[in-house]
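Please read the structure below before turning to the comments.
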Amino acid sequence: MSQAGKLDLLKGTLDLLVLQILSSMGEMHGYGIARRLEQISGDELAMNEGTIYAALIRLQHRKLIKTTWGTSENNRRAKYYSLTRAGEKALVAEAATWERLSSVIGRVLATAGARGR
Amino acid sequence: MTRLEEALSRVLAVFRRSRLDRDFEDELATHVALLTEQNMRQGMSRSEARRRAALKMGGLTQTRDFHREARGLPRLEHIVQAGVHAWRSWSHAKAVAFFASAALVVGIGSTTAIYSVVNAVMLKPLPYPDGDRFVAVFRGNLQNPQFYSALRSEDTERLQVRHRSFDAFGWFRGAGKNMMIAGQPYYVSGLAVTVPLVQAIGVPPAIGRWFDDETGVVLSNGLWQRLGGNPDILGQTVTLDGQTYSVNGVMPTSFRLPVPGMTGAGLGTDVWIPLDPRERAGAAYFAYGRLRPGVTMGMADDDLRRVAADIVAEDGPSRANFTARLVPLRETVSRQVRPTLGLLLGAAGLLFLITCANEAGLLLARSVSRAQETALRVALGAGTGRLIVHYLAESLLVCLAGAAGGVLLSVTLTPTIVSMAEGFVPRADEIAVDWSVLAFAFAAAVVAGVLSSLAPLWQALRTRPADILGDGVRTSASRRNRGASHSLIIAEIALAFVLLAAGSVLVAHVRALSRLSPGFDADGVLSFAVSIPGHVAADPDQRIPLQRRLVDAIDAIPGVEDAAFAQLLPMKGCCWPANVIPDNGRVASNPSSRTSLMAVSEGYFRTMRIPLKSGQLFREAPAIDESGPIPVVVSESLVKLYWPDQNPLGAFGHFDRPDGPRFTVVGVVADVKNAGLDNESVPEIYRPAAGSRIETMRFVVRSSRADTSLIADVRRHIQNLDPTQPVHDVELMHAVVQKTMTLERTVSLMTAFFAGAALLLAMFGVYSVVSYSVRQRTVEIGMRMALGATHRTVFSMVVGSGLKLAAVGVVIGGVAANAAVSYHGSVFRLGDSDYAPYAYSTAIIAVVVFAASFLPAWRATLMSPLVAMRNRL
């Protein structure tokens, strides 16, 4: 039960991260996305790789990414994901929202600190 | 738009489940393989590499779960899954499932059957376009708001001209006719309707069209079928009471113009003939209007009152109390049966609740025996939501099956109810299983499902897995469980008691009614009607000899002791109103009291064996004596009304108005129950038939012979007199009296049926609870027996536990029953009932509970103490 609760908090942001990775790296499969995420975040994100697939499905439903089947490095069948036009637009919008949100939160938290906590 | 697209993809994903599952397996396998290879490159063994890879994924099963949840409609899939599980788990307990559904079939079926009647009679809009805008206009009495009666045509004419609320208005009256078609006489019941009204009703004939002048008539579908059902009938001439008309059209089946006050569906109309608006036939007209759009009932009511006040101003003080009243047409049609239907619906509802309680008990028992499974589920993380869905699905599955069976049951039950209440159910042919009824059955199933899953659900939510998985079912299936199932049984018994008590009261009431004397001797009397055309009835020189010939012809039939006729049969609707103004100036103290007028032939009192109390009966005069006062015979209640402290014999008075026809009282007879067996007699005044313009003579013939041969002779003798004269409405007087109790009898039978079903269910419930508790207390019983308790002690202990439950149930039920009976007693004027019904019901319940506890108690005594004590559940 509690596992699901923790995931909820990250849900929206994981989607955003995946979009960003696909935008910067182009077409990738799930493993690649996981590795890239691990690389960039410096392994600070404590999460299960499997949840990436849930994020990918959600993005698929929203028509922000599209898929093709291909062959992976180890000659196995793998699905490759890439951004759609709508996905690129959504990425820009959601990244901007995230920026605004984090700066507002930052400002509020800064004022709380000023009172000598 | 994206929301919609997303929803659509989710729905599609549900359908492509297996394909998507396979695809994801491939994807997942690839990912895990890549991870494994990476790990192996770092030096781990293959199996270690694989394990680490799975860990990094976060668990393969969980990944698959998240993927599936993100992909489809998880809620829906849970529900479907719950449904499939429920089906599977019931298939392991087919007997229980069958019994539960059977009980629900009875519970839901009875309620649905009554609802389908209620729906057609009260809820569905009338089958005319804009049916809900139609209202019926009645004559009212300013002093008595409950008074509704027919209008005079002078009034309807003026109403029509002066109203401001209707966009369609017309009036009609009953008009029975002797019809000659193809040489055969028939008696047909008809309605004479003003032309604008039929046009406004908006229901066109199935073939042909409505009449637009005085020469056309329209036939009912039923009559048309009886005459051969040939479309060539259009344009054919038909003779009604000697007048020729041509057939303009035939109505579709089930069309009728409801006649307010007459609930008899059997009074279906055969023909509609045009009514001349200038006709003046007294106060016999009913008017309908269609409210103009935007006009409310209140506005129209005020409007008509205003017109009525104008009429009173114009006509003078003789019409002082006259006013006009409105009732929505749909209501007038159902007014008389409404309380009865309410009663039946209530009784069926009680049965439904009992079925739910029964079902809940069953589910509770099942959940106890599956407590371990439930504990496991909870331990494995099933949330409240999942549990609720799970129990609901199980319960709903059985309830929906029960509802399906219930609909079928109601299809068979409803016609039975309607035929029992024959003639008293209006709009009977509109009763059918339509969408509304199906929706009701479905809703009932859902309610039943929710109600009955409450108990086991509540239990499951309070389960602590550790308790059950550790010690086993025995300890935790303890006080709490027993409390729940005991409460259910007590509830069942209480409800069953209410039904039983109500049923007993009704049955006793019907029994008492049938023992009441109607005031005349109905046994051995056959009644039938002979109708003559209006113009013949109006002419004394034609009608009096005709009446004499008819009576003589019937008297001549061998086996006939007495024969007579009257204008109305007693107890077949009341009454012809009379205004009596005695010379002594007395007026009725109660302005709403009425007096009944009966025009009877000379032999009437003798034929009906109505006892003469004083004075003498009038003798048939050879001709009307225009000069002298009319000799009348009065009933005892009329004497109490107008001559309470003087001898009425020889008193004089006037009919209708102070200067109306003069009468003198020659005799006093006993009261006849003309307003029904359980009502006060309406004071009655009898006058000789010769002086009255009677169109329909209701004959009563006393004879010892069976009726079919007698009526054949009657027809023959009358045909000899006049081959064109039909005889109609043949009935045994005994049956007429019985018919007045039809509604009561129907309700009492139905309630008894419900009570019987309730008892059966309660019996089963008691049986399961008692046998369960015996099983629970096996060890205790074994110990008692080992310590010296006899068989009888054990037996009485077990039976006693059952009876204790029954006692609580009876007490609760008694309180509820008292309230219910006194509330509904007003419907049938039951009066103060004594305690006999309650005593009977208690005794019946005690017997039933004893019988139900018998088997488990007996089995308890058969237990060997040693085995019992070693028993572990």
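The values are calculated or read from the model by the stated rules, or taken from the named source; none is laboratory data. From a predicted model like this one, the values you see are computed outputs, not experimental measurements. Here the Cβ is made from the backbone with ideal geometry for all residues, glycine too, and neighbour counts use every protein chain on show. Ligands, DNA and RNA are excluded from the accessible area calculation, which covers all protein heavy atoms including side chains. Shrake-Rupley method; radii C 1.70, N 1.55, O 1.52, S 1.80 Å.
Worth pointing out:
- Residue in the range B:73-96 that is within 14 Å of another protein chain (Cβ to nearest Cβ), open to solvent by 40 Å² or more (accessible area, probe 1.4 Å) and under 22 Å from residue A:76 (Cβ atoms) present: no
- Index of the failed condition, residue A:83 passing every other in (1) under 29 Å from residue B:13 (Cβ atoms); (2) surrounded by fewer than 16 Cβ atoms within 10 Å (Cβ to Cβ); (3) away from every other protein chain (no Cβ under 14 Å): (2)
- Taking the numbered list (1) of a type in the set (Lys, Arg); (2) in contact (Cβ under 8 Å) with a residue 40 or more places away in the chain; (3) open to solvent by 40 Å² or more (accessible area, probe 1.4 Å); (4) over 26 Å from residue B:442 (Cβ atoms) in turn, residue B:306 passes all entries but (2).
- Single match in B:774, B:821, B:770 (criterion: touching a Gly at 6+ places or on another chain (Cβ under 8 Å) and either closer than 20 Å to residue B:511 by Cβ or in a helix (DSSP H, G or I) (or both)): B:770
- For the range B:13-36, the candidate set comprises residues that are surrounded by fewer than 18 Cβ atoms within 10 Å (Cβ to Cβ) and closer than 30 Å to residue B:49 by Cα; within that set, the residue that is nearest to the other protein chains (Cβ to nearest Cβ) is B:26.
- Flag for residue B:114 being away from chain A (no Cβ under 14 Å), among the β-branched types (Val, Ile, Thr) and more than 18 Å from the chain's Cα centre (by Cα): no
- Count - residues of the range A:30-58 that are in contact with a strand residue (DSSP E or B) (Cβ under 8 Å, 6 or more places away or on another chain) and within 7 Å of chain B (Cβ to nearest Cβ): 2
- Close pairs from the range A:13-40: first surrounded by fewer than 18 Cβ atoms within 10 Å (Cβ to Cβ), partner of a type in the set (Lys, Arg) and assigned to a helix (DSSP H, G or I), Cβ under 7 Å, at least 6 apart: A:25/A:36
- Within the range A:59-70, if we keep just the residues that are open to solvent by 30 Å² or more (accessible area, probe 1.4 Å) and in contact with an Asp or Glu (Cβ under 9 Å, 6 or more places away or on another chain), the residue that is farthest from the other protein chains (Cβ to nearest Cβ) turns out to be A:68.
- Matching entry among B:219, B:191, B:159 (being within 17 Å of residue B:285 (Cβ to Cβ) and either in contact with a strand residue (DSSP E or B) (Cβ under 6 Å, 6 or more places away or on another chain) or of a type in the set (Phe, Trp, Tyr) (or both)): B:191
- Test: residue in the range B:700-721 that is surrounded by 18 or more Cβ atoms within 10 Å (Cβ to Cβ), of a type in the set (A, V, I, L, M, F, W, C) and under 16 Å from residue B:566 (Cα atoms): yes
- Wholly enclosed helices (runs of 4 or more DSSP H) of the range B:500-617 bearing at least 2 residues within 42 Å of the chain's Cα centre (by Cα), aromatic (Phe, Trp, Tyr) and surrounded by 15 or more Cβ atoms within 10 Å (Cβ to Cβ): B:604-608
- Sole exception among (1) within 14 Å of chain B (Cβ to nearest Cβ); (2) at pLDDT below 90; (3) open to solvent by less than 60 Å² (accessible area, probe 1.4 Å) for residue A:73, by number: (3)
- Among the candidates B:64, B:52, B:10, residue that is in a helix (DSSP H, G or I), within 15 Å of residue A:49 (Cα to Cα), facing chain A (nearest Cβ under 9 Å) and open to solvent by 40 Å² or more (accessible area, probe 1.4 Å): B:64
- Residue selected from the range B:231-266 under the condition touching a Lys or Arg at 6+ places or on another chain (Cβ under 7 Å) and of a type outside the set (D, E, K, R), by the criterion modelled with the lowest pLDDT: B:240
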